[in-house]
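Nothing in this text is a laboratory measurement; each read-out follows from the coordinates by a stated rule. Predicted model only: the values in this text are computed from it and were never measured. Cβ coordinates were reconstructed from backbone atoms using ideal geometry, including for glycine residues, and neighbour counts include every protein chain displayed.
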């Protein structure tokens, strides 16, 4: 041991290789040039301060962050953590001042830590996140040695899910305690007053400590910058590129998200949490620490009762739990549907465990699309609706199927297959099926309220039809009617009187009948057609019976057109 | 080229229209001579003969959704009077029934009435008769058209001349149902053809 110390004193700026050769040479998997570059970046750091940070439990990655060391740190994914510690170790123990004050025993312990025999403690700022140390979803502790290894684990999860993807967005969610503390550096005042003493202040406390101890040093304001990359951003810098390489796709804004969610038991024990977060959210991100804030920082440092600067920081005994998930944001497939059956409801309709009707448009369409996209779920949205016993004919009704977490986005060929499959069932037909962007929503909503709907009804009247009747009906344009809430829906809708417009009507005689005829009409959206024909005990007025001066009944109703611009083939 | 394209899509449109027409036009011989009325199709009709008082025959049309339409049955004494019904007054009991305003899906402000609570008074030339709820429940609506057009009771008491709409609780409906009779039984009882 003593020998090692002597050699250190001698080398003094000579080849660092000599230092390393003192103990067994660990395999440096990253290229020597990379290690060299790291050393260059680290060279300007104040050794005493770095040693200090290490001693209070800050990890090497966070130290690099706080001091703004970038470069090769993030661009070489196979740098082992042990390499990083080794480089820092050299920095510290090359410093004469430190060596003078270091006992031989302490030195050797520090020095051999790069052999990874003694694992560094869990970082008190990032809770092990940047050290790639976590509990996996089986609650087993996992330590990854370099960014590449972590990326490989993530890559495995993604491959298992089997999404067909060209790119991905990367999201990281970390325990608020870390975020809050990073933000708190800027939003100090409000935050401090609300934090219970038990909570570890993480980065903020460290900053206070550093400012109090080294604030007057010449290097402080240059190297220890108040704004530095956050834990989240650092993790992204480490992981995104090796992950992209491993999956052989690009990292760019995408509908496919890979998400790392870190959670920590301690972080959720805060009670004044929301207060702090609310206040900090009021400030814009990226605000630099102004002189006023610095003053208040110093003021607080002097305040004995302020718990925030209590050091040593509480030792963190457990890393975070990490959950790796990936999902695709919902995709939308839209088109128009026709319904030929009078026994198929638009949506799933089940009363007391019994299905009403033999099937539903929703299930026929959505149930075919979802498996073809290999999605988890689907939601069916249509522009308006029709009763189970009303057919939807003509141009069809616009609809959107929202597929959650689709593994495949269907190609044009696949879309044609889906169309064919649905149309084969004969009860329902789809037209103009295609994948639409989120603008599909706007198209749908716009269609519901404003547009006109066209119908054809088989009507019976209690006396023979006259030619005069045809003329009278035809002459009525933009006729206002008043409809009280139909009795058949009165149990679940508000009792109101709604004014509706019948735009035009036309009677088509039926060859073999004098009392039956086809009534074609075009009405405002939301008009109850059946009630307009039979009058609903006089609660819809005027009605066909009142116009023709007799009793009228409706036998059948078909929707013949939903006038909407969108969702048509070009 | 352009023309050719146009006529193709026009052709498709014509075919679609023809298909639509084919779907819309029914086979008349399959249609019933006289179809069931909207009331018959959507409600189950019950009768309460001699309700509280002799000759006060009322009907209760119950919809599948539980709502009950109350009205005067064909053999109600008021409808037998010479000259028929001349006036209808909803101002009976504590307040005017035609003044209630029920709002919202939950039907707030609806009055809860017993089966024998008075709904309105029906007047003829010689007499006046009280019409009652028949069913215990919330009063959703009264037919205020009867105020201006009391003759509706003479022409269509079973349709446009209905009296009121009541929403009973399921348990209350079952209680009263036991004392009601169906259309056939009512016809036989009153010796109607």
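If R₀ is 35 angstrom, what is the calculated FRET efficiency for the pair residue A:173 and residue A:352, using the beta carbon separation as r and rounding to 0.05?
Efficiency at R0 = 35 Å is approximately 0.25.
At 0.36 nm per residue, minus the direct Cα-Cα distance, what do residue A:55 and residue A:520 gain on full extension? Give it in nm, one decimal, please.
158.8 nm
Once the Cβ-Cβ distance between residue A:503 and residue A:412 is put in as r, and R0 is 30 Å, what FRET efficiency do you end up with, to the nearest 0.05?
0.20
With springs only between Cα atoms under 10 Å, which of B:114, B:16, B:160 fluctuates most in a Gaussian network model of chain B?
Among B:114, B:16, B:160, the largest mean-square fluctuation in the Gaussian network model of chain B belongs to B:16.
What distance in nm lies between label points placed 7 Å from Cα along the C-beta direction at residue B:34 and residue A:556?
2.3 nm
Order of A:546, A:360, A:341 from fewest to most other C-beta atoms within 10 Å?
Ascending number of Cβ neighbours within 10 Å: A:546, A:341, A:360.
How many nm is it between the label spots at residue A:140 and residue A:265, if each spot is 7 Å from the Cα in line with the beta carbon?
With each label point 7 Å from Cα toward Cβ, the separation is 2.0 nm.
Rounded to the nearest 500, what is the 222 nm mean residue ellipticity of chain B from helices alone, with -39500 (n - 2.57) per DSSP H run of 4+ residues and division by all residues?
-8000 deg cm²/dmol
Could you please rank B:185, A:561, placing first whichever residue has the fewest other Cβ atoms within 10 Å of its Cβ?
Fewest to most other Cβ atoms nearby, the residues stand as B:185, A:561.
Between residue B:188 and residue B:7, what is 0.36 nm times their sequence separation minus the Cα-Cα distance? Round to one decimal in nm.
Extra length from residue B:188 to residue B:7 when fully extended: 58.5 nm.
For segment A:473-570, rounded, prolate or oblate, judged on the Cα gyration tensor with a ≥ b ≥ c (square roots of eigenvalues), a/c < 1.5 rounded, else prolate if a/b > b/c?
oblate
Between residue A:452 and residue A:496, how many nm apart are label points set 7 Å from Cα along the C-beta direction?
The two pseudo-label positions are separated by 2.3 nm.
Is the shape of segment B:1-128 rounded, prolate or oblate, going by the alpha carbon gyration tensor and its root eigenvalues a ≥ b ≥ c, with a/c under 1.5 for rounded and a/b larger than b/c for prolate?
prolate
Hey, with R₀ at 30 Å, roughly what FRET efficiency would residue B:53 and residue B:108 work out to, going by the Cβ-Cβ distance, to 0.05?
After rounding, the FRET efficiency stands at 0.35.
With the contact rule set at Cα under 8 Å and sequence spacing of 6 or more, what percent relative contact order holds for segment A:342-452?
Once divided by the residue count of segment A:342-452, the mean separation gives 25 percent.
What is the mean number of Cβ atoms from other protein chains located within 10 Å of the Cβ atom of each residue in peptide A:485-492, rounded to a whole number?
6
Once you sort the root eigenvalues of the Cα gyration tensor of segment B:42-114 as a ≥ b ≥ c, which label holds: rounded (a/c under 1.5), prolate (a/b larger than b/c) or oblate (the other case)?
Taking the square roots of the gyration eigenvalues as a ≥ b ≥ c, segment B:42-114 is oblate.
What percent do you get for the relative contact order of segment B:74-161 when only Cα pairs under 8 Å and 6+ apart count?
34 percent
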